[in-house]
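So the structure is just underneath, and the comments pick up after that.
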Amino acid sequence: MKKSIFADFCLLLVALVWGSTFVLVQNAIDSLEPLSFNGVRFLVAAILLGFWLFLFERKQLVHFNKKMLASGVLMGFMLFLGYITQTMGLLYTTSSKAGFITGLSVVLVPLFSFFLLKQRPGKNAIIGVLIATVGLFLLTMTDVASLTVGDGLVFICAIAFGLHIILTSKFSGSYPSLLLTVIQISTVALFSIGSSFLFEDYKRTYDANILLSQNVLLALIVTSVFATALAFFAQTSFQKYTSGTRVALIFAMEPVFAAITGHVWAHEHLSASAMVGCALIFFGMVFAELSSDMFSFFSKTKPLAQQDNQI
């Protein structure tokens, strides 16, 4: 199996995990405030990956330098901005809508790639993005009359996540994946914990009754281990084998998974147009994948880097 195809499959699993956690996070922040929740979540993930780094991958530390630190911190800051606006947005909007709006990064990433990295997406990617954009329009505009401040916060999240994909494309091939992941996740933890001391009742963070309550503990375990430590390590490891636009199309499946879990677990209503939107997002991703495979079939002699630049 080609590295690019295997990478895309792993990134799709990442989108599945992220989309499935919206309801868990929304239930948890009813008890634990958003900044505090993210601080604990990313701190636990950083500790887990840090232990793994020092126990089994200590040789990666020889690559640590100021440039790598700056790159990881910048990636971490975009994650912090994305997650805090997303988590705060969940206080004022539904998990389904938050997932839908987050998926707008599929539109932003090709634009960022063109203006910031000077990479022009190929025809297959452009068509896939257009199809997915129509799907996202149907999803996000289904309930346009009830747009809230939460929806605006989640849109900022989409911008931040789009920039994070661009930064990951830029830096993931230059540095060891695990070390870079530890730096960016630690950055999110420090920013979140520091902000919680400034803007929230931080004493609640250390209240055992809250941390050990069923909703909070379950959300922290699932998000720390699966949606943070493993998911971001997978993204940093595999995104080097594909392009930013392709990753954005794959991650556009996150709102589809969020809609499904929101419907099953929280009994949130999905209209007919929302379901059509989900189908279009999926079709847009599949179309881009099939088209890219066709291109690579007719250009087997081209290096992987050139194939990725086509999309």
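See the values below:
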| quantity | calculated |
| --- | --- |
| Val62/Val134 FRET efficiency (R0 35 Å; Cβ-Cβ; nearest 0.05) | 0.15 |
| The chain - percent relative contact order, Cα under 8 Å, separation 6 or more | 40 percent |
| Residues Phe114, Phe42, Phe191, Phe56 arranged by fewest to most Cβ contacts within 10 Å | Phe56, Phe114, Phe191, Phe42 |
| Cβ-based exposure ranking for Glu268, Glu254, in which fewest neighbours within 10 Å come first | Glu268, Glu254 |
| Gained length - Ile126 relative to Leu217, 0.36 nm times residue gap less alpha-carbon distance | 28.6 nm |
| Cα-based Rg of the range 3-309 normalised by 2.2 N^0.38 Å, two decimals | 0.97 |
| Segment Leu270-Phe114, length gained on full extension (0.36 nm per residue, minus Cα span) | 52.7 nm |
| Long-range HN-HN contacts of Glu268 with modeled amide H, under 5 Å | His263 |
| Residue among Ile156, Ala272, Leu69 farthest towards the positive dipole end of the chain, charges placed on Cβ | Leu69 |
| Cβ-placed point charges (K, R +1; D, E -1), dipole of the chain about Cα centre in debye, nearest 20 | 1300 debye |
| The range 163-254, relative contact order in percent, only Cα pairs under 8 angstrom and at least six apart counted | 58 percent |
| Residues Tyr83, Tyr92, Tyr206, sorted so that the one with the fewest Cβ neighbours within 10 Å comes first | Tyr206, Tyr92, Tyr83 |
| Anchor Lys123: lysines whose Cα lies under 29 Å away (excluding residues fewer than 8 positions away in-chain) | Lys2, Lys3, Lys170, Lys240, Lys300, Lys302 |
| Distribution of pairwise C-alpha distances over the range 60-204, 10 Å bins, in % | 11, 32, 33, 20, 4, 0 |
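A short reminder: the numbers here are calculations on the coordinates, not readings from a lab. Model, not experiment: these values are computed from the prediction. Methodologically, a virtual Cβ is constructed for each residue, glycine included, from the backbone with ideal geometry; neighbour enumeration extends over all protein chains shown.
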